[in-house]
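Only one structure is covered here, and it is reproduced in the block below.
No lab work stands behind these numbers, since they all come straight from the coordinates. All values derive from a computational prediction rather than experimental measurement. All Cβ positions, glycine included, derive from the backbone under ideal geometry; neighbour counts span all protein chains shown.
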């Protein structure tokens with residue numbers, strides 16, 4: 001018996017194919033769409049509001065995306081020539097992965113940042129020094145805290161979990177922690193390193209280290225930002241507040257230094273960085289990992305990619321005049337669940353396979369407790385009863401595996417461990433991960 005398939009080669013020609021020929025065509029099509037179809041990362045225009053009239057436009061920055069990628073907000077210094085310049089402060093919000101947008105008048109003239117906690121939108125102001133929140137996607141705001149800066153000017157709030165926010169004050173260099181989403185703040189002491197943790201750019205390493213870059217260096221924390229250790233670099237970094245850090249799929253940490261256009265890499269969770277010699281474009285404004293590739297945004301609005309760890313870069317897209325702005329490529333590229341987002345004049349773009357299609361969107365931080373702490377022979381984990389067969393491991397602060405726990409209960413024998421500080425890692429079937437530090441006496 002013969003099997004046939006009709007393939008539309010052109011509007012006027014149809015060819016009957018036998019079964020073996022049909023399979024060959026199908027395999028070819030599968031290969032083609034696997035290589036060049038939706039799984040291939042690309043820049044996607046999210047169609048944010050724009051003004052295309054001469055001398056007018058939305059210059060977007062800063063930008064924030066919720067952890068599940070669904071909610072997006074961008075601040076706009078909106079300029080309209082009518083004739084005569086009219087500059088107003090606006091922000092645009094999407095609650096459907098960028099499919100539709102709402103434009104509102106911004107409640108602050110100079111926000112330090114917008115950020116999301118689920119569907120709650122927070123705004124950190126710089127002039128009035130007030131933390132605001134909105135539960136209706138930016139339609140209205142109320143004050144969450146009016147004395148957040150009593151110990152000095154604060155930098156960006158770092159959201160490690162809904163019950164663990166960290167910020168570091170600029171002048172007095174104090175570490176502040178909030179467990180109630182910014183309503184109250186507790187002084188946790190002074191920052192114990194001079195360079196590194198300003199939290200303007202931070203990332204989480206594979207072993208749970210929090211890594212931050214400062215104006216002259218970098219630092220890492222193994223206890224969720226409460227204490228810091230200086231990262232070792234081959235040179236003192238030039239003074240800049242626009243340095244960024246990101247983590248690759250295989251765990252490498254990339255440090256990009258702007259405007260000196262230098263890149264450094266760490267393979268030990270942020271403890272040590274080595275310089276990367278590369279042909280980084282002269283217009284480089286920012287570099288971040290996408291999976292294990294490095295994506296570079298130029299200040300001329302061109303984009304570049306490195307597939308060899310930053311040694312060589314090739315151009316991906318030519319400069320786009322409507323996307324170019326003075327802020328483009330410096331503070332405006334952020335990473336969210338594997339995707340990269342950038343914004344500039346009239347544009348917000350996403351680089352990746354799509355926010356709604358990533359498994360990462362369903363991941364959340366697992367919260368649990370360890371007791372006793374310190375401990376001698378055993379530790380118990382509290383708060384995991386809702387998980388089905390979680391994967392529990394114990395690691396050194398350097399990320400090395402020390403124990404694998406497979407007993408199916410929440411009590412772990414640590415009698416064989418040497419005295420020191422360790423991390424318990426819990427991972428569930430959905431890929432959600434949580435860490436907790438303990439001391440073995």
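For the reader, a short list of remarks on this structure follows.
- Available extension along the chain between residue 136 and residue 236 is 31.5 nm, counting 0.36 nm per residue and deducting the alpha carbon span.
- Length available on full extension from residue 308 to residue 226: 0.36 nm per residue minus the Cα-Cα distance, which gives 26.0 nm.
- In terms of its alpha-carbon gyration tensor, the stretch 42-362 comes out oblate; a/c meets the 1.5 threshold, while b/c is at least as large as a/b.
- Likely footprinting exposure, 174, 350, fewest C-beta neighbours within 10 Å first: 174, 350
- Here the peptides 280-289, 227-236 are ranked by packing, the mean other Cβ count within 10 Å, and the order with the highest first is 280-289, 227-236.
- A crude spin-label estimate for the pair residue 117 and residue 277, with each label 7 Å from Cα along the Cβ direction, gives 4.8 nm.
- Which of 132, 400, 427 has the fewest Cβ neighbours within 10 Å, and the rest in rising order: 400, 427, 132
- Multiplying the residue separation of residue 163 and residue 386 by 0.36 nm and subtracting their alpha-carbon distance yields 78.4 nm.
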